[in-house]
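The values are calculated or read from the model by the stated rules, or taken from the named source; none is laboratory data. In this text, all values refer to a predicted model and were calculated from it rather than measured experimentally. When we count neighbours, we look across all protein chains shown, and the Cβ atoms used for this are built from the backbone with ideal geometry, even at glycine. With ligands, DNA and RNA removed, areas are computed over all heavy atoms of the protein, side chains included. Shrake-Rupley method; radii C 1.70, N 1.55, O 1.52, S 1.80 Å.
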Amino acid sequence: MSSKEVVVDVRGKLCPVPVIESKKAMDASPEAVIVTVVDNEVSRDNVIKLGKSKKYAVGIQQRGSAYYIRMTPPGNDIVANQTESTATVHEKKEIPEVGGRVLLMTKDYLGEGSEELGRSLMKTFWFCLTEADVKPKKIFFINSGVKMVAEGSEHLENLQALADAGVEIAACGICLDFYGLKESVKVGTITNMYVISDSMMTEAMVTL
């Protein structure tokens with residue numbers, strides 16, 4: 001396996017640009033080690049997720065305000081071991097696949113008709129998921145659904161329990177901006193529509 005490195009310097013760029021440019025580099029040089037350089041935490045986390053979703057070994061170093069995310073393709077064991085050894089506390093632990101489904105939450109109530117009833121149903125729904133033997137692999141929140149992961153939400157306890165159980169929880173950054181909630185996220189991470197749309201095309205998704 002080649003140990004060629006490709007550097008993707010996207011400092012000053014916001015998501016989804018760092019994710020898109022990193023994926024382009026992976027596609028153009030599938031045997032190369034991709035080193036993506038970003039300068040914000042949201043881009044850092046999303047590029048890490050991209051690398052792991054592609055089964056790359058991922059390590060990260062912080063130098064000043066910049067994050068250097070080193071992604072080694074599958075099969076390059078020597079370089080992969082070196083990559084893993086560079087990981088810092090900024091890298092999240094590998095999240096186990098607790099189930100095969102991905103949930104896309106498009107609003108903060110469940111079903112159509114009465115929104116009051118829908119919000120009550122949603123609270124019951126999250127509690128049922130925390131008790132279920134098989135949980136979803138990921139939960140994405142878009143539009144008014146992002147309100148459920150923000151400060152003041154009545155669902156935070158159940159959503160945190162799901163996150164603690166290994167469920168990946170992520171809210172759309174554009175949607176959080178629209179509702180003025182980007183600084184109020186209490187559970188999960190901030191993602192972008194590129195990551196969500198890619199998941200829609202490649203994974204078993206349930207839209208609610």
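Some points to look at:
- As a length-normalised measure over Cα pairs under 8 Å and 6 or more apart, the relative contact order of the chain settles at 17 percent.
- Amide H contacts for ILE139 (H built 1.01 Å from N in the peptide plane; partners 5 or more residues away or on another chain; cut-off under 5 Å): LEU103, GLU168, ILE169, ALA170.
- Pairs from the table (LYS24/LYS49; LYS52/LYS147; LYS54/LYS137; LYS54/LYS186; LYS135/LYS182; LYS23/LYS52) lying more than 22 angstrom apart at Cα are LYS52/LYS147; LYS54/LYS186; LYS135/LYS182.
- For the chain, the longest site-free run once GluC sites (Glu not before Pro) in DSSP loop states with at most 14 other Cβ atoms within 10 Å are removed: 32-93
- Counting only protein heavy atoms and a 1.4 Å probe, the chain has 51 square angstrom of accessible area per residue.
- Lys/Arg +1, Asp/Glu -1 at C-beta; the chain dipole; positive extreme among VAL185, GLY75, THR207: GLY75
- Charge dipole (debye, nearest 20) of the chain; +1 at Cβ of Lys and Arg, -1 at Cβ of Asp and Glu: 400 debye
- For segment 30-44, Karplus couplings with θ = phi - 60° (6.51, -1.76, 1.60), whole Hz, Gly/Pro x: x, 9, 8, 7, 9, 10, 9, 10, 10, 10, 8, 5, 5, 5, 4
- Shape of segment 102-207, Cα gyration tensor, a/c cut at 1.5: rounded
- Relative to the longest principal axis of the Cα atoms of the chain, the long axis of helix 115-131 lies at roughly 50 degrees.
- Compared with the dominant Cα axis of the chain, that is its longest principal axis, helix 17-28 is turned about 50°.
- Think of each Lys and Arg Cβ as +1 and each Asp and Glu Cβ as -1; about the Cα centre, that makes the dipole of segment 143-208 roughly 140 debye.
- Between the alpha-carbon centres of segment 119-169 and segment 1-51 there is a gap of 29 Å.
- Seen from HIS155, the other residues with C-beta closer than 14 Å to its C-beta sum to a net charge of +1, counting Lys and Arg as +1 and Asp and Glu as -1.
- Within a Gaussian network of the chain (alpha carbon springs, distance under 10 Å), most fluctuating of LYS137, LYS49, LYS123: LYS123
- Debye log10 I(q)/I(0) for the chain, one point scatterer per Cα, at q = 0.12, 0.14, 0.17 Å⁻¹: -0.64, -0.84, -1.16
- Global form of segment 146-200, assessed from the alpha-carbon gyration tensor, a/c cut-off 1.5: oblate
- Of the solvent-accessible surface of segment 102-207, computed with a 1.4 Å probe over protein heavy atoms with every protein chain present, carbon and sulfur atoms account for 53 percent.
- Of all DSSP beta bridges in the chain, antiparallel share, percent nearest 5: 40 percent
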